[in-house]
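Each remark here refers to the structure printed beneath this line.
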Amino acid sequence: MILNDFFIFMKQELMLLFIIFLLLLIKVGKDRSNESLLYLINLLLLINVIAGFILPGEGSLFSDMFRTNPLIALEKNMLNIGTLIISMQSYSWLKSHKHLLEFYILMISTLLGMFYMISSGNLLMFYLGLELSSIPLAALVNFDLEKKASSEAAMKFILSSAFSSGLLLFGVSLIYGTTGSLAYAEITSHLSTDPLQIFAFVLFLAGFAFKISAVPFHFWTADVYEGAPVAITSYLSVISKGAVLFVFVSVLYTVFKPLADVWYGMLFVLSISTIIIGNLFAIRQDNFKRFLAFSSIAQVGFILVGISGSSSMGTAAVIYFVLIYIFSNLGAFGVVSIVSSLTGKERISDYKSFYKTNPFLSWILTIALFSLAGVPPAAGFFGKFFLLIAGAEKGNYLLISIAALNMIVSFYYYLRIVKSVFMEPNESPIESLTIPLISKVALYICLLGIVILGLWSVVYDYIFTLSPIF
Amino acid sequence: MEIIKGVPLTSYILLCSMLFSIGVLGVLYRRNALVIFMCIELMLNSVNLLLVAFSRYYSDSNAQVFVFFIMAVAAAEVSVGLAILMMIYRNTKTTDIDALNKLKF
């Protein structure tokens, strides 16, 4: 192994490690004001985003344990951008928090874990990355230390994530037992449709489904999203879910390619039930975070439709959709985060006639919700459109029509919020809020992302040229 | 040593599947958070045993390294879990997960 390769291939991971160590050193040193620290950290994260785009290498390290290519580098860059936006949006929440540095150390550790997971070429590496990305998250969910709901959410999160990784590990051990190897390349060459291997795959899939909260493994999602601080809720629903989805696609399309017929049927059931249950429950929520939790479950269902087509478009459509999803969901969460940290209000009914007092936030929220619903000028429409095309590749039009019908159902609950923001009267609306400049910039980035990704086809073409052919 | 070598692989698989199922059922049925953590440990340990058995069968040391990592990760997981349990205990004075009913539909 040449040292030069090491620095080029692991550039993004080393950058995050550097930030973690820097923050640890600052923690040891003398006390500084939260505001100056926040500016420093956001600057570091911005440098991290920019550095990620320079010189994407292609190759593998540590006898194929760690591999990278331009597509993987792009996925990591997307997660970097999302983390930066979340960090900027939670400025007003973190400004008065006692444990600011611990928050960032834990959050960046989880990001590091996701990077290792995305780059993994071996089940051991995958498992370690997965755990590094989920254990600190449990501590983060508990970050509203004085609130009981926060601890309750953290308990539910750690129990379900430990349980799901137990299932996943049993699957891993059976895969090892039937193929004799832990490396992805060798596993693929030894897989057949042996019953024990299918059983192992089912366990493996269950572990994944827990992490991406696909129905019937979604029960933890809404509770955890409601109890956690808003910044962490948006991190969980966008970054953590996005990272697992990237791995899910690449694992299904490369490692488990010999089982394609088997997992097609499973994904069919999973995606239909995920979309329907997510939609039905989203309709009746009043807590904004819970509502976004179920809407994110429904979105995952659409992503599963795209994956199940297993066409050459599959990978590109999923990555493109996750990119759009990052911007649109963070736009919605950004507004909720600002409102919740400044007023403490989290119910949808509190948002009635929000437009009268806060026109800027209302427009951001509306455009983000339009994009999530898939209204044409916003990027979300193209994201879902490509996912459905990718899903239609196998000619299963039943699946596509159910997904398309559910898109209509989802219009109802997204537009219901838009309606109450603009039209419904309210005697005591949320007062006019002064948004910190840094959060405003983050909201503008989301807005730009939603508009540009929808109108500028270069982005999708670029992702498509990088994606491997199934 | 000779006796261990004489045990066929199938027995190991059966034993581990049983241990794993006991762990899963424990997680689903027990109401005390500490016991649930113990059951998750049981699941992970059955996986460890299975990995070592397979590793012995293939004469390949990769899985044994995996086992070490699983042990370390399980310890980290439980320590974070216990810290969270402490936070809950301070609020509710119980480790029963039925007390965690503030967030629901």
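A few comments on the model shown:
- Screening B:VAL47 against (1) of a type outside the set (S, T, N, Q); (2) in contact (Cβ under 8 Å) with a residue 12 or more places away in the chain; (3) away from every other protein chain (no Cβ under 11 Å) leaves a single unmet condition, (3).
- Residue tally, condition in a helix (DSSP H, G or I) and in contact (Cβ under 8 Å) with a residue 40 or more places away in the chain, over the stretch A:352-379: 18
- Of all the criteria given as (1) out of contact with any strand residue (DSSP E or B) (no Cβ under 8 Å at 6 or more places or on another chain); (2) under 18 Å from B:VAL67 (Cβ atoms); (3) surrounded by 21 or more Cβ atoms within 10 Å (Cβ to Cβ); (4) at the interface with chain B (Cβ under 9 Å from one of its Cβ atoms), the one not satisfied by A:SER181 is (3).
- Residues of the stretch A:293-314 that turn out to be assigned to a loop (DSSP other than H, G, I, E, B) and more than 12 Å from A:ILE400 (Cα to Cα), as a count: 2
- Among the criteria (1) in contact with a helix residue (DSSP H, G or I) (Cβ under 8 Å, 6 or more places away or on another chain); (2) over 23 Å from B:THR94 (Cα atoms); (3) facing chain A (nearest Cβ under 8 Å), the one B:ASP60 does not fulfil is (1).
- Among the residues making up the stretch B:69-102, a single one is over 23 Å from the mean Cα position of the chain (by Cα), more than 7 Å from every other protein chain (Cβ to nearest Cβ) and either buried (at least 20 other Cβ atoms within 10 Å of the Cβ) or within 15 Å of A:VAL224 (Cβ to Cβ) (or both): B:ASN101.
- A single member of A:ALA243, A:ALA317 is closer than 20 Å to A:ASN69 by Cβ, in a helix (DSSP H, G or I), touching a helix residue (DSSP H, G or I) at 6+ places or on another chain (Cβ under 6 Å) and modelled with pLDDT under 90, and it is A:ALA317.
- Scanning the stretch A:23-48 for residues that are among the hydrophobic types (A, V, I, L, M, F, W, C) and either surrounded by fewer than 14 Cβ atoms within 10 Å (Cβ to Cβ) or under 22 Å from the mean Cα position of the chain (by Cα) (or both) yields A:LEU24, A:LEU25, A:VAL28, A:ILE41, A:LEU43, A:LEU44, A:LEU45, A:LEU46, A:ILE47.
- Qualifying residue in the stretch A:160-176 (condition: part of a helix (DSSP H, G or I), in contact (Cβ under 8 Å) with a residue 60 or more places away in the chain and either facing another protein chain (nearest Cβ under 9 Å) or not aliphatic (A, V, I, L, M) (or both)): yes
- Selection within the stretch B:17-36: residues that are facing chain A (nearest Cβ under 8 Å) and in contact (Cβ under 8 Å) with a residue 24 or more places away in the chain. The member of this set that is nearest to A:LEU123 (Cα to Cα) is B:PHE20.
- Among the residues making up the stretch A:453-470, those that are aliphatic (A, V, I, L, M) and under 16 Å from A:ASN77 (Cβ atoms) are A:LEU453, A:VAL458, A:VAL459, A:ILE463, A:LEU466.
The values are calculated or read from the model by the stated rules, or taken from the named source; none is laboratory data. Because the structure is predicted, anything quoted here is derived from the model rather than measured. Every residue, glycine among them, receives a Cβ derived from its backbone with ideal geometry; neighbour counts consider all protein chains shown.
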